[in-house]
């Protein structure tokens, strides 16, 4: 990949990668750091990456960098530091995207990741498998389970206002 192609990747994909990471970790500053670190890793291997595979490489790198960050953060997070609001919810909703975001937040991490890659970013099952290091059939199972969980959450009577 050339420098011009690398810059094109930054222009085209940085917002999508940031949005994907932010939806997973809910911390804007950490999401920015992860995206930046992913681009640094990409730059370090710029000569060995084909431009056509740059988007997939970038999302894969960002995903694994995010997982590493989550693992590192788990070592330092104390239960007492968690805000009370994260344990309960009594808010009304102003639009469908808020409800969908909350439903996605309730999913296990891997299900949330695959559903975001499939439904928000438009990746194929095969591409998601490459990014997450899962088999294509396992990706389909996680997406199916995630959609069932979200459907159950969305149609529960206590969520209807």
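Does residue 100 satisfy the condition of being within 17 Å of the chain's Cα centre (by Cα), modelled with pLDDT under 85 and outside the structural domain of residue 15 (by TED's automatic domain parsing)?
Numbers: within 17 Å of the chain's Cα centre (by Cα): yes; modelled with pLDDT under 85: yes; outside the structural domain of residue 15 (by TED's automatic domain parsing): yes.
Here the answer is yes, as residue 100 does meet what is asked.
Does the range 82-97 contain any residue that is at pLDDT below 85 and within 18 Å of the chain's Cα centre (by Cα)? Within the range 82-97, one or more residues are at pLDDT below 85 and within 18 Å of the chain's Cα centre (by Cα). If the condition is being buried (at least 16 other Cβ atoms within 10 Å of the Cβ), assigned to a helix (DSSP H, G or I) and free of Cβ contacts under 8 Å to residues at least 40 places away in the same chain, then the range 111-137 contributes 111, 114, 115, 118, 125, 128, 129. Among the numbered conditions (1) in contact with a helix residue (DSSP H, G or I) (Cβ under 7 Å, 6 or more places away or on another chain); (2) over 22 Å from residue 73 (Cβ atoms); (3) modelled with pLDDT under 90, the only one that residue 3 does not meet is (1).
The values are calculated or read from the model by the stated rules, or taken from the named source; none is laboratory data. Model, not experiment: these values are computed from the prediction. Neighbour counts run over all protein chains shown; Cβ positions are idealised from the backbone, glycine included.
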